[in-house]
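Just below is one structure, and these are the notes that go with it.
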Amino acid sequence: MGQTSILSQVLPHTASSPVVGAGGGTGTGTTSAEHMIIMGRIGAPFGVHGWLHVQSFTSPEENLFKYAPLFIKQNQKWVQINIETSRPHGDEWVVKFEQCSDRNESALLTNLTLAVPRSVLPPLGPDEYYWFELIGLTVTTLSGETLGVVDSLFETKANDVLVVKGKTREHLIPYLLGDYVTEVDLNTKQMRVCWDPEF
């Protein structure tokens, strides 16, 4: 059983725990979009000194701030952005980026996503996967019936749960290795599960 949010266990970002699987601008530096992993989203300005609300997609949330540098997408290019400081604010986080000195500058970053290169994520062990690697996999039963595609995952106290969206219904399948998930193949983007299509 693994835990994480799509960005879990990415340290010195995604940062939480990996999923255990089965079987087989304003800065410098840009990187290829297909190798970038979304870690968070920038919200509205906070105050008048360049601070911004930030939503972290990592688990735990503070792991987002262990990644440096972060990147934002501007004019179809990923551009480096540096965090000067960050702190919790209620049930959210507020961040001061080096490139923002006032509210007008920070407002330009609202709704942009924060990302890191895939290469900075810590390697996982055999049969372990990050959530983002599982999203988009085609899910089939042991008898070969296609249930749909992994749309998202969420955590419960007992285990992680796959949200599989089919043509006519949605399946919530516990991510339990051996019990329900029998095989994961990232190369063919396939997942096999022991699951009744009626549920």
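Is at least one residue of region 152-173 of a type outside the set (Lys, Arg), farther than 29 Å from PHE71 by Cα and in contact with a helix residue (DSSP H, G or I) (Cβ under 9 Å, 6 or more places away or on another chain)?
No, region 152-173 has no match at all.
Just need a number here: residues in region 169-183 that are among the basic types (Lys, Arg) and surrounded by 16 or more Cβ atoms within 10 Å (Cβ to Cβ).
0
Okay, residues lined up against (1) at pLDDT below 95; (2) in the same structural domain as LEU52 (by TED's automatic domain parsing); (3) more than 14 Å from the chain's Cα centre (by Cα):
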{"site": "TYR130", "(1), (2), (3)": "yes, no, no"}
{"site": "THR141", "(1), (2), (3)": "no, no, yes"}
{"site": "GLU145", "(1), (2), (3)": "no, no, yes"}
{"site": "VAL149", "(1), (2), (3)": "no, no, yes"}
{"site": "GLU155", "(1), (2), (3)": "yes, no, no"}
{"site": "VAL163", "(1), (2), (3)": "no, no, yes"}
{"site": "LEU172", "(1), (2), (3)": "no, no, yes"}
{"site": "LEU176", "(1), (2), (3)": "yes, no, yes"}
{"site": "VAL181", "(1), (2), (3)": "no, no, yes"}
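Sort out which residues of region 125-153 are part of a strand (DSSP E or B) and under 13 Å from VAL163 (Cα atoms), and write them in order of number.
THR138, VAL139, LEU147, GLY148, VAL149, VAL150, ASP151, SER152, LEU153
If a residue has to be modelled with pLDDT under 90 and more than 25 Å from TRP131 (Cα to Cα) to count, how many in region 44-75 make the cut?
Here the count works out to 2.
In region 38-85, what residues are crowded, with 20+ Cβ neighbours inside 10 Å and hydroxyl-bearing (Ser, Thr, Tyr)?
The answer is SER56, THR58, SER59, TYR67.
For residues in region 143-168 being buried (at least 17 other Cβ atoms within 10 Å of the Cβ) and acidic (Asp, Glu), which is farthest from LYS189 (Cα to Cα)?
Going through the qualifying residues, I end up with GLU155.
Report, by residue number, each residue of region 99-126 that is buried (at least 19 other Cβ atoms within 10 Å of the Cβ) and farther than 15 Å from LEU70 by Cα.
Hit for region 99-126 is SER106, nothing else.
From the list LYS96, LYS189, exactly one residue is touching a Ser or Thr at 6+ places or on another chain (Cβ under 7 Å), within 30 Å of TYR67 (Cβ to Cβ), surrounded by fewer than 16 Cβ atoms within 10 Å (Cβ to Cβ) and at pLDDT 95 or above. Which is it?
Unique residue meeting the criteria: LYS189.
What are the residues in region 73-119 that are of a type in the set (A, V, I, L, M) and in a strand (DSSP E or B), if any?
VAL79, ILE81, ILE83, VAL94, VAL95, LEU114, ALA115, VAL116
The values are calculated or read from the model by the stated rules, or taken from the named source; none is laboratory data. Given the structure is predicted, the values throughout are model-derived calculations rather than measurements. Methodologically, a virtual Cβ is constructed for each residue, glycine included, from the backbone with ideal geometry; neighbour enumeration extends over all protein chains shown.
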